[in-house]
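Let me begin by presenting the structure, written as structure tokens, before commenting on it.
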Amino acid sequence: MPKDYSYEKRKYTIAAIATVVIVVYIIRLFSLQLMSDDYRKSADSNAFRKEIIYPSRGLIHDRNGKLLVYNEPSYNILVTMQDQRGVDTLDFCRTVGITKEEYIERMADIKDSKKHPGYSRNTPQLFMSQIPAREFSKFREKLFRFNGFSAEKRSVRRYAESIGAHFLGDVGEVNQTDIDSDSYYKSGDYIGKLGVERSYEKVLRGEKGMRIMLRDVHGRTQGHYQDGKYDTEAKPGRNLTLGIDLQTQLLAERLLENKLGAIVAIEPETGEVLCMASAPSYDPRTMVGRDRGKHHRILMQHPMRPLLNRAISGTYPPGSTFKMTQVLMGLQEGSIDPHVAFPCYHGFNYKGLHLGCHGHTTPTPLLSAIQTSCNAYFCWNLLRMFGNRPKYGNVQTAMTRWKDHLVRMGFGYKLGIDLPGERRGMIPNADYYDKAYKKSWNALTVISISIGQGEVTATPLQVANLCATIANRGFYYVPHMTRRVQGGRIDTTYTRPRHTMVDRRWYEYAVEGMRRAVLGGTCRGANLPDIEVCGKTGTAQNRGQDHSAFMGFAPMHKPKIALCVYIENGGFGADFAVPIGSLIIEQYLTGKLSEASRKKAELFQHRIIKYGNYAR
């Protein structure tokens, strides 16, 4: 091969390689300088220091304007590693009240890139948080001695009363999941963890502001960038007004002392929750500040589960309160008639099956059955409905109709209250029993569901909502905690009426029966002078002592309150739930308790129910 040809080939090869290298460099430079802002951010972090201005969190009031949750100033101590020079570590530790070992541990934690992916020596990092103003004053006096340390003003939540922990919730430091899901949050920020603090986080938190400070080549702050032209002010969070009545809530929590259970009261005409108490509870003021984590662990390990909001997360057999759903669907479906009576010989007896009942006159028509809570009557109703082959064809179709009625009444699914943690309860369907009994079952197989036992479970909220539906004669509003949002509106989910599949005329029978139950039936203990109370007891069977339940509303016409009281292992409905329910109704409607009622309240407040080795 001629030498000149070999030379020419190598020349073109070298030129091609050089061209490729140059093109790659040009593309990389274009990417770094125009397409990526990493270097700009690095330069900015050296030239500017961005100080976040945190907004004050929105306040929370009760329906009458009484303050429930407010803010109190607190401070965070920040450290910028680049600026640390000649700090007297021992003096610093004495000033902030920590040991040298804690100081070293905190510094190591800040530098841990796994825990703090965005760590930079040039930006302030959180060293200590939520320092009360009285403790911070000592540090502020010496701040000039501690190069690299600075402070930012924050706020901490305070509670006017030691009540409402389950629905108010609390505020805690964000975790990585919170940061990843919302760019608003940075490490060290706070977020609502539970209750309305969580549900209305974006309303309550407000909007952060920003100060952009100019730094010199030595990292020293020289003042506001362009005299603060690009600084922004923080916008405070919006206030919430809850539907809660403070005095009724205080009474409800007092009455649940030494017990397990829940009380839920609803305003029927709006769906606003008037009180929501769950026991055992805890003082929300213990979940504030640097000791929040410690107190949370203690509550998590408590055998009586005080963190559980039994009002919306506790699922129980509703017992005889459930009979009102059976009355209504039976009348609508034609399986019962208001004027037709059924026999009850101390219970339901049919084809060798016996389901007991307490003594009362027999045969029993509809209104008397509600008044005396006759088990046999409701068993006959289910038997006739599920056995109506000409109308439904088979038991599966009848069961589906039964379930559809209950779903429209608010059972079997979450109602959608504006609180996290709600559970749906259990309403069985035809597929459930087909699998359980290999398609060989009938009304007698599942007869216990007619009286709120068997597979049926519900939350106290769902039972209270049933009561509100009856009070409204056939419709309800989704129960909700918040009455007003400052500068905004309540979600339309909570302002649209939900109608059942039962005609209004049949509800009048249910109302009349519940009124009779209070005047001379199982709810006599709920009778109040000058107030027409309507109610229904429930004694839910349990492996140990039965649960005591009651639902009621008042007044009978133009009702203002509907409630459910559920006391675990409380025995008959009349033992605990009925008298407690009557006290709640009286307190809310009259604004106070009579002298006799105050004495009764003290009695039930101090009555203790034993739960194994615990008395709660």
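Read the figures in this text as sums done on the coordinates, not as results from a lab. Since the structure is predicted, the reported quantities are computational estimates derived from the model, not experimental observations. With ideal geometry, Cβ positions are generated from the backbone for all residues, glycine too; neighbour counts draw on all protein chains shown.
Going Cα to Cα from LYS403, which lysines come in below 18 Å? Please leave out same-chain ones fewer than 8 positions away.
Straight-line reach from LYS403, under 18 Å: LYS323, LYS391, LYS414, LYS435, LYS439.
Let me see the P(r) profile for the chain: every Cα-Cα distance counted, bins of 10 Å, each bin given as a percent of all pairs.
3, 14, 21, 18, 13, 11, 9, 6, 3, 1, 1, 0, 0
Are there GluC sites (Glu not before Pro) in the range 80-160 that DSSP marks as loop and that have at most 10 other Cβ atoms within 10 Å, and which are they?
Hits after loop and neighbour filter: nothing returned.
Less than 12 Å Cβ to Cβ from ALA443, Lys/Arg counted +1 and Asp/Glu -1: what total charge do the surrounding residues give?
+3
DSSP loop trypsin sites (Lys or Arg not before Pro) in the range 428-508 with at most 15 other Cβ atoms within 10 Å of their Cβ, which ones?
The qualifying sites are LYS438, LYS439, ARG489.
Based on Cβ point charges of +1 for Lys and Arg and -1 for Asp and Glu, what charge dipole magnitude is obtained for the range 48-242 about its Cα centre, in debye rounded to the nearest 20?
With only Lys, Arg, Asp and Glu charged at Cβ, the dipole is about 340 debye.
Going by how many other Cβ atoms sit within 10 Å of their own, how do ILE131, ILE584, ILE179 line up, fewest first?
ILE179, ILE131, ILE584
Cα-based Rg (one decimal) and Dmax (whole number) for the range 48-242, in Å?
Rg, Dmax (Cα atoms, Å): 18.2, 57.
Figure the gain on full extension for ASP182 and SER594 (residue separation times 0.36 nm, minus the Cα-Cα span) and round it to one decimal in nm.
The ASP182-SER594 span can extend by a further 143.2 nm.
Note the full-extension length gain between ARG140 and THR232 as 0.36 nm times their separation in residues minus their Cα-Cα distance, in nm to one decimal.
30.6 nm
Less than 18 Å apart at the alpha-carbon level, and either on another chain or at least 8 residues along: which aspartates and glutamates does that give for LYS202?
Excluding near neighbours in sequence, the set is ASP170, GLU173, ASP178, ASP180, ASP182, ASP189, GLU233, ASP418, ASP491.
Nothing charged except the Cβ atoms of Lys and Arg (+1) and of Asp and Glu (-1): what's the magnitude of the dipole of the chain about its Cα centre? Round to the nearest 20 debye.
700 debye
Figure the gain on full extension for LEU603 and ALA18 (residue separation times 0.36 nm, minus the Cα-Cα span) and round it to one decimal in nm.
Going from the current span to full extension adds 201.1 nm.
To make sure I understand the rule: partners must be aspartates and glutamates, Cα under 18 Å from the Cα of LYS600, and not fewer than 8 residues away in the same chain. Which ones qualify?
Hits, sequence-local ones excluded: GLU253, GLU257, ASP575, GLU586.
Determine, for HIS296, HIS480, HIS358, HIS61, the number of other Cβ atoms within 10 Å of each Cβ, and report the residues in order from fewest to most.
Starting with the residue having the fewest Cβ neighbours, the order is HIS358, HIS296, HIS61, HIS480.
Place a point 7 Å from Cα of GLN82 in the direction of its Cβ. Which residues in the range 140-168 have their backbone N less than 16 Å from it?
Residues 148-150 fall inside that zone.
Order by neighbour count: CYS374, CYS357, fewest other Cβ atoms within 10 Å first, most last.
With the sparsest Cβ surroundings first, the list reads CYS357, CYS374.
Beyond 32 Å between alpha-carbons counts as too far, so tell me which of LYS351/LYS536; LYS50/LYS142; LYS351/LYS610 fall in that bin.
Flagged as over cut-off: LYS351/LYS610.
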